[in-house]
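Presented below is the structure to which this report refers.
The values are calculated or read from the model by the stated rules, or taken from the named source; none is laboratory data. Note that this is a predicted model, so its numbers are computed, not measured. Please note: Cβ atoms are built from the backbone with ideal geometry, for glycine as well, and neighbour counts cover all protein chains shown.
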Amino acid sequence: MQRKLRQLFVGLVLLLSASSLMAEMLPKGIIILDGKAAPALKLKNMDGESFDLSTRRGKWLFVHFWATWCGPCRREMPTIQNILAKLDPQKMEIVLVNTAESEDMVFTFLASVAPDLEPLMDIDGQATELWQPRGLPATFLIDPQGRQRYLALGGRPWDKGEYVKFLQAVVQ
């Protein structure tokens with residue numbers, strides 16, 4: 001009995017230490033979430049192709065809510081395009097969700113700043129409402145089991161050192 005208690009205690013100490021260490025390693029503005037299941041996300045891209053989050057299990061998802069009128073979103077979009085080359089698409093998929101704008105606005109904006117990105121269109125804003133991002137931009141990192149693990153509120157230089165290292169560490 002005493003041995004089991006000691007093992008439990010050691011396991012708890014290791015878990016707390018790992019959690020504390022991970023929290024210290026987080027780049028500025030990254031919040032650890034509780035791991036609840038990600039809300040449904042079924043949308044189409046500008047080519048009319050369907051996307052369903054529930055079919056994307058097995059790899060991390062970078063789910064990013066944004067709009068063209070949002071200043072931080074505008075500055076952040078090229079950094080998201082730049083991380084495409086730094087991340088293994090088999091381990092992490094970038095999912096961009098444009099919130100309540102027309103395809104023409106989105107196409108024109110992305111053509112000038114991030115032409116390689118293909119957003120999903122939340123034309124009526126209902127998917128965004130379901131996710132409740134608390135402002136734009138907002139990025140959720142969803143684990144391979146479909147659970148919300150991290151959240152970044154506001155713009156980030158995703159293609160810079162500490163953020164690239166963080167994303168690469170997450171998928172390992």
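What are the residue pairs meeting all of these: first residue in the stretch 50-62, first residue under 15 Å from GLU118 (Cα atoms) and in contact (Cβ under 8 Å) with a residue 24 or more places away in the chain, second residue among the charged types (D, E, K, R) and surrounded by 10 or more Cβ atoms within 10 Å (Cβ to Cβ), Cβ atoms under 9 Å, and 6 or more apart or on different chains?
PHE51/LYS42; PHE51/LYS44; LEU61/GLU93; LEU61/ASP143; PHE62/GLU93
Could you list, in sequence order, the residues of the stretch 97-136 that are touching a Lys or Arg at 6+ places or on another chain (Cβ under 8 Å) and not in a helix (DSSP H, G or I)? Spell out the reasoning first.
Of all residues in the stretch 97-136, those touching a Lys or Arg at 6+ places or on another chain (Cβ under 8 Å) come to 109, 113, 120-121, 127.
Answer for the stretch 97-136, where residues must be touching a Lys or Arg at 6+ places or on another chain (Cβ under 8 Å) and not in a helix (DSSP H, G or I): LEU120, MET121.
Collect the residues in the stretch 65-100 that are among the acidic types (Asp, Glu) and surrounded by fewer than 19 Cβ atoms within 10 Å (Cβ to Cβ), keeping them in residue-number order.
Initial filter on the stretch 65-100 (among the acidic types (Asp, Glu)): 76, 88, 93.
The answer is ASP88, GLU93.
When the residues of the stretch 22-31 are filtered to those that are modelled with pLDDT of 95 or more and surrounded by 14 or more Cβ atoms within 10 Å (Cβ to Cβ), which remaining residue is farthest from LEU120 (Cα to Cα)?
PRO27
Within the stretch 28-60, count every residue that is under 14 Å from the mean Cα position of the chain (by Cα) and closer than 16 Å to LEU153 by Cα.
The qualifying residues number 5.
For ASP104, only one of the following conditions fails: (1) of a type in the set (Asp, Glu); (2) surrounded by 14 or more Cβ atoms within 10 Å (Cβ to Cβ); (3) more than 20 Å from SER50 (Cβ to Cβ). What is its number?
(2)
Pull up the stretch 137-168, narrow it to residues that are basic (Lys, Arg) and in contact with a Lys or Arg (Cβ under 9 Å, 6 or more places away or on another chain), then point me to the one that is nearest to MET92 (Cα to Cα).
Residues of the stretch 137-168 basic (Lys, Arg): 147, 149, 156, 160, 165.
Filter once more, so that each one left must be in contact with a Lys or Arg (Cβ under 9 Å, 6 or more places away or on another chain): 147, 156.
Working: ARG147: 14, ARG156: 18 Å.
Going through the qualifying residues, I end up with ARG147.
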